[in-house]
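The structure under discussion appears below in the form of structure tokens.
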Amino acid sequence: MSYLEDSPLLDTSLTGDKMEKWVTALTKGEKIEIDVYGKPTEQQLRELENVKNLSKELQDNLHELENSVRNPDAENEAMNPTAPILDFSEDHEFVSANKLDDYYAEEDKADAREEEKRRLTKGKAPMTEMQRFYKDQCVFLTGGTGFLGKVLIEKLLRSCKEIDTIYVLIRAKKGKDATTRLHDLLDEFLFHRAHDVNPKGIHKVVPIIGDMELPGLGLCDEDRKTLTSKVTIIINGAATVKFDEKLSISTGINVRGTKEMLKLAKECRNLKAFTHVSTAFSNTHVKHIEERFYEPPMTVEALEAVSQLDERLLEEILPKLLGKYPNTYCFTKAIAEEAVRRYGEGMPICIVRPSIVVSTYEEPVRGWTDSVYGPTGLIIGIGTGVLRTMYMELDKVADMVPVDLTVNAILASAWYTAKHFKENQTSTIPIYNYVSGAQNPISWGDFIELNRKHGMDKPTTKAVWYYGLNPTNNYYLFLFYNFFLHFIPALLVDIYCTLTCRRRVMLKLYNKVMKIAKILFYFSTQDWRFTDNNVREMWRSLSGADRAVFPFSISEMSWDYMTETFLLGIRVYLVKDDVSTLPEARKKWNRLYYMHQFLKITTLSVVLYLGYLFVRLLFSLILG
């Protein structure tokens, strides 16, 4: 037993006496029951629990750190930056305890709200009222392959998992049949989260071969019978969003297609709701746009007849036909609303009018977009240093709405319409102006400034020059800037490319950029006042759970968060510049900055020198 004499337990006050008794009894061959350590105290138990919690927290942090360095998740981390943490250190050493308590209380409430939202959106809670409404429903969607339609399908698959079928009107295109196109669409990155949440959902999306421009939507008899017998909800989101589209094509898709959809809806035996997606700019000749119908520029039948004229003749008379309308898109969407008013009477139908639809705000990922139209093309041009000037009124409202919030409003409108519709109803068809300017306006100047702020921190490796936008509300000054800041540099670059046997791209690129920019001229030099009382009422009618699963309140949207999201989305999904290249992009950005400053100084020096020569020549002529 000599080895026990060196035991540290003999030297410890807590165990020494008990160990001596145990050793003495053992040497005598006696058995003795002694609890050497004794029972732990309450304080010791609490300390042990604290150590366990700390260990778990450290393990979680290590796991999170391990995940953050994996390439697939790096993008998600960058696209979902954490909220800023308040700093109550050296610069804030006099912060009161009450203020800290208030801050942490608010943080706890926010965490609780986020946890409840996660529980609801991940299917770990009872179905909400809207989810119960979409359970076992058959939805027929047009425009499903477009920007808005893709997000709509994704949302139905992810948040309405008990839906029966989503029929999507689709046509063959670019050598691909309808089924292949739909499968390719569902394989896109946008749907990854939906596939994780609802793996079997892909089988609920069924292609219906057809075309909005064809009589009867180009449906075969069998598909038409299937739709009329099974479909309960119709969302008509198909439209040509090309502002300068030929009138014949715009009429075929936006007007005749809508008319054919309404005819089909009347044949549906179990129809509960029909949502027609229009645009907030369908009545731009009115400065205060309310949620009601306006007199159309012409009847549906008259437009259908005019659109059959020879294309050359149509081009000649188009300005007179459009009148106060800026383009064929707004013109035909106004007449499509008239088609809804005339042919939709007596049906559970509504109209949703979104303003300019941009990238996602939060769902299913931040900043997703695949459309370069509108402000997106503008920001790409500015961020890559290609666009140096823009014709706009900086104090006018830039009315934009995120696509995921728009989709939620559309889904809510179908639920709300079905809920309040009564048989043989003849009251006015409800219209929802889904806009940002009524509740949460932002000016073009503020929007560009926020994009500049975030763009400087997150530049792209695809930039060709440093940021330097010169907006103006003087059209002649814009033409001056355009010549010297766009045309001349592009011409010089293309001449250099010709001399070095490289492909000339700059003039062609500027033509594309300016084509997109010119579409915005009309919307960036004026604004409209919108009424959105119906949208507010619909939002108020939602339960707390539905507000978490289907958020669409514009008043709760942060423009600072949105512009950061917008820029990151453009960078990753359109410019195809992964966030991992940010360090490289910042180095290039710094080089472009010094080159930009050098060019400015050089240009100024040349101008001053030429001015000096001119003045000198002038004086010599006067004095000589």
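The values are calculated or read from the model by the stated rules, or taken from the named source; none is laboratory data. No experiment lies behind these values; they were computed from the predicted model shown. Here the Cβ is made from the backbone with ideal geometry for all residues, glycine too, and neighbour counts use every protein chain on show. All accessible areas refer to the heavy atoms of the entire protein, side chains included, with ligands and DNA or RNA removed. Shrake-Rupley method; radii C 1.70, N 1.55, O 1.52, S 1.80 Å.
Phi angles across segment 349-355 convert, under the Karplus curve 6.51 cos²θ - 1.76 cosθ + 1.60 with θ = phi - 60°, into 3J(HN,Hα) values of 10, 8, 10, 10, 10, x, 7 Hz, Gly and Pro given as x. Each Cα pair under 8 Å and six or more residues apart adds its sequence gap; the mean of these over the residue count of segment 165-241 is a relative contact order of 34 percent. For segment 127-173, GluC sites (Glu not before Pro) meeting the loop criterion (DSSP other than H, G, I, E, B) and having at most 16 other Cβ atoms within 10 Å: E162. Residues in segment 438-528 average 57 Å² of solvent-accessible surface per residue, probe 1.4 Å, ligands and nucleic acids excluded. Considering only protein heavy atoms and a 1.4 Å probe, what is the carbon-and-sulfur percentage of the accessible area of segment 298-445? Answer for segment 298-445 is 52 percent, counting heavy atoms of protein chains only.
Here's how it looks for V205: its modeled amide H is under 5 Å from those of I166, which are all 5 or more places away or on a different chain. In this simple spin-label model, placing a label point 7 Å from the Cα along the Cα-to-Cβ direction at both R224 and E345 gives a separation of 2.5 nm. For segment 399-415, the Karplus equation 6.51 cos²θ - 1.76 cosθ + 1.60, evaluated at θ = phi - 60°, returns couplings of 8, 9, 9, x, 5, 5, 5, 4, 4, 4, 5, 5, 5, 5, 5, 5, 4 Hz by residue, with Gly and Pro reported as x. A protection proxy built from the mean count of other Cβ atoms within 10 Å ranks the segments 429-442, 242-255, most packed first, as 429-442, 242-255. Considering only the other residues whose Cβ falls under 14 Å of the Cβ of F243, what net charge follows from Lys and Arg at +1 and Asp and Glu at -1? Summing Lys and Arg as +1 and Asp and Glu as -1 gives +3. The residues neighbouring H454, those whose beta-carbon lies less than 14 Å from its own, together hold a net charge of +1 under the Lys/Arg +1, Asp/Glu -1 convention.
Of the accessible area of segment 449-497, computed with a 1.4 Å probe over protein heavy atoms only, carbon and sulfur atoms account for 68 percent. Here segment 141-189 and segment 291-318 have alpha carbon centers that stand 31 Å from each other. At a probe radius of 1.4 angstrom, the accessible area of segment 299-428 per residue rounds to 36 square angstrom. Counting protein heavy atoms only, segment 511-550 has 47 percent of its accessible area on carbon and sulfur, 1.4 angstrom probe. What is the sum of charges around V505, taking Lys and Arg as +1, Asp and Glu as -1, for the other residues whose C-beta is under 12 Å from the C-beta of V505? It works out to a net charge of +4. Excluding ligands, DNA and RNA, the accessible surface per residue across segment 152-243 is 45 Å² with a 1.4 Å probe. Amide H contacts of I349 (H built 1.01 Å from N, in plane; Pro and chain starts excluded): F274 sit under 5 Å, all sequence-distant by 5 or more or on other chains. Placing dummy labels 7 Å off each Cα toward the beta-carbon, the span from K266 to L617 is 7.6 nm. Using a cutoff of 8 angstrom between alpha carbon atoms and counting only pairs six or more residues apart, the relative contact order for segment 227-366 works out to 38 percent.
Is the shape of segment 160-226 rounded, prolate or oblate, going by the alpha carbon gyration tensor and its root eigenvalues a ≥ b ≥ c, with a/c under 1.5 for rounded and a/b larger than b/c for prolate? Oblate, since a/c reaches 1.5 and b/c is not below a/b.
For segment 482-624, the square roots a ≥ b ≥ c of the C-alpha gyration tensor eigenvalues yield an a/c of 1.5 or more together with a/b exceeding b/c, which makes the shape prolate. Applying the Karplus relation 6.51 cos²θ - 1.76 cosθ + 1.60 with θ = phi - 60° to segment 571-581 yields 3J(HN,Hα) values of 4, 7, 9, 9, 6, 6, 10, 4, 5, 5, 8 Hz, where x marks Gly and Pro. Take every DSSP beta bridge whose two residues both sit in segment 319-468; close to 10 percent of them are antiparallel. Scoring 280-287, 146-153 by mean Cβ neighbours within 10 Å over their residues and listing the highest first yields 146-153, 280-287.
With 20 Å as the limit, write out which pairs from K462/K588; K259/K518; K272/K422 have Cα-Cα distances beyond it, or answer none. Table pairs above 20 Å Cα-Cα are K259/K518. Highest mean packing comes first when the peptides 413-419, 197-203, 358-364 are listed by Cβ atoms within 10 Å, giving 358-364, 413-419, 197-203. Across segment 133-180, C-alpha contacts under 8 Å between residues 6 or more apart give a mean separation that, scaled by the residue count, equals a relative contact order of 46 percent. With a ≥ b ≥ c the root eigenvalues of the C-alpha gyration tensor of segment 353-405, is it rounded (a/c under 1.5), prolate (a/b larger than b/c) or oblate? The shape class here is oblate.
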